1. Return the only residue of A:312, A:345 being more than 23 Å from residue A:298 (Cβ to Cβ) and modelled with pLDDT of 95 or more.
2. Restricting to the range A:77-86, and then to whatever is over 21 Å from residue A:316 (Cβ atoms) and more than 14 Å from every other protein chain (Cβ to nearest Cβ), can you tell me which residue is surrounded by the most Cβ atoms within 10 Å (Cβ to Cβ)?
3. When the range A:33-69 is examined, which residues are found to be outside any loop (DSSP other than H, G, I, E, B), surrounded by 23 or more Cβ atoms within 10 Å (Cβ to Cβ) and at pLDDT 90 or above?
4. Given the options A:135, A:89, A:97, A:117, name the one that is at pLDDT 95 or above, over 23 Å from the mean Cα position of the chain (by Cα), closer than 28 Å to residue A:269 by Cα and within 14 Å of chain B (Cβ to nearest Cβ).
5. Kindly indicate which of B:20, B:25 is more than 10 Å from chain A (Cβ to nearest Cβ), modelled with pLDDT of 95 or more, in contact with a helix residue (DSSP H, G or I) (Cβ under 7 Å, 6 or more places away or on another chain) and under 30 Å from residue A:234 (Cβ atoms).
6. Tell me whether the range A:341-355 contains one or more residues that are in the same structural domain as residue A:273 (by TED's automatic domain parsing) and in contact with a strand residue (DSSP E or B) (Cβ under 9 Å, 6 or more places away or on another chain).
7. Going by the conditions given, is residue A:364 under 23 Å from residue A:117 (Cα atoms) and crowded, with 22+ Cβ neighbours inside 10 Å?
């Protein structure tokens, strides 16, 4: 078993991991950035829309352009990058199993940043295993990375930002969107995204859900899922207790159903390392405790991005930067005052990203997470004092 | 097409999970051992969250109490030969 070593190992080369690697490397640390995918950038290359916010958050810049700039900076900084490589496990002492080009290696690093991102949620209904029922993220990968349409006529389940944005991108790619269906009584995503698809003539049914997908015959669509796939879907209205209203069903022709029903942090490695967690529904479930340095309850193990709680690429980049600065400081590459200055700048940008009607809930969730970490630390300190 | 699958990999229905809870399962691991839910190719990445929800609903526990399954290596499907050594080389 080959040994691989680095001062800082960053797992996941999405927005959070790229920024963590860049910050740690810029300060002088030896950094190894690992991703299981063949291309770095995470979800950024699938984001063809312009970002929101202020100039310092790259508002008006499209996701893939942000990714290109970030990759250039990382490459020029001298970060070592391993793609198509998998960290398949981690021990509480932070030693890791790494498959590097199909070779099993033992990876050791003084500091580890886990930026593994999130996975798409699934919702079951009759016919949900038919070909043609896919995640909205899968549809986005197909149209922007593989340049193929998942189908000709799509029903989108979920009117959060992912559902709204992917619906618009499917329209741009040449698909028809039959409807967006949202179980909640109101649209969850930004009004500007909803308005774009409404102007394009796509109906958004709030307080409705998909009850069934029909298909599986030879007459299935000839595009995408093909024969045997989805042919039409049944939509039903929900009452105020989220119960289907009998008699309210109607059907829509569609060969594709996209599920945009939320994301969950991909925390397997963090659980495996023995970190403490807190259940925070606004962040997508159980999330690891971390302090203002993004360090978890396992010393030297940092987390950043969606894995700490599902937010946005802009917050992921800032959290990654914080983790990178903190790891470099802990290794002695940054003085306390230099690190404090950098961290204060990043923290100020993070706070401004967690403001407003959509940011307040995330800010409250993050404060809860940090408070749980503080409680854990004071308990540990008491135990140590006895 | 009337049966709704919760775990697609192992074809486990909501009724299968209900029976596991009736049999005494109160955790994802308990349901997993009784039904094989979460033991397929995706290792629960699709159904684990749903299984957690069903357990919470049937036992009256809060979602916070229903932890994910015990996390073990490897976190992705990996060829056993790569970990164990496909040839005679010591690993």
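The values are calculated or read from the model by the stated rules, or taken from the named source; none is laboratory data. Quantities reported herein were computed from a predicted structural model and do not represent experimental measurements. Positions of Cβ are backbone-derived with ideal geometry, glycine not excepted, and every protein chain shown enters the neighbour counts.
1. Values: A:312 fails: modelled with pLDDT of 95 or more.
Among A:312, A:345, only A:345 is more than 23 Å from residue A:298 (Cβ to Cβ) and modelled with pLDDT of 95 or more.
2. A:80
3. A:33, A:34, listed by residue number.
4. Values: A:135 fails: over 23 Å from the mean Cα position of the chain (by Cα); A:89 fails: over 23 Å from the mean Cα position of the chain (by Cα); A:117 fails: over 23 Å from the mean Cα position of the chain (by Cα).
That would be A:97, the only listed residue that is at pLDDT 95 or above, over 23 Å from the mean Cα position of the chain (by Cα), closer than 28 Å to residue A:269 by Cα and within 14 Å of chain B (Cβ to nearest Cβ).
5. Exactly one of B:20, B:25 is more than 10 Å from chain A (Cβ to nearest Cβ), modelled with pLDDT of 95 or more, in contact with a helix residue (DSSP H, G or I) (Cβ under 7 Å, 6 or more places away or on another chain) and under 30 Å from residue A:234 (Cβ atoms), namely B:20.
6. First, pick out the residues of the range A:341-355 that are in the same structural domain as residue A:273 (by TED's automatic domain parsing): A:341-355.
Going one step further and asking which of them are in contact with a strand residue (DSSP E or B) (Cβ under 9 Å, 6 or more places away or on another chain), we end up with none.
No, that holds for no residue.
7. On the way: under 23 Å from residue A:117 (Cα atoms): yes; crowded, with 22+ Cβ neighbours inside 10 Å: no.
So residue A:364 fails the test.
A quick yes/no check of all residues on (1) modelled with pLDDT of 95 or more; (2) surrounded by fewer than 19 Cβ atoms within 10 Å (Cβ to Cβ); (3) not assigned by TED's automatic domain parsing to the domain that holds residue A:211:
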{"residue": "A:234", "(1), (2), (3)": "yes, yes, no"}
{"residue": "A:237", "(1), (2), (3)": "yes, yes, no"}
{"residue": "A:240", "(1), (2), (3)": "no, yes, no"}
{"residue": "A:245", "(1), (2), (3)": "yes, yes, no"}
{"residue": "A:248", "(1), (2), (3)": "yes, yes, no"}
{"residue": "A:254", "(1), (2), (3)": "yes, no, no"}
{"residue": "A:269", "(1), (2), (3)": "yes, no, yes"}
{"residue": "A:274", "(1), (2), (3)": "yes, yes, yes"}
{"residue": "A:281", "(1), (2), (3)": "yes, yes, yes"}
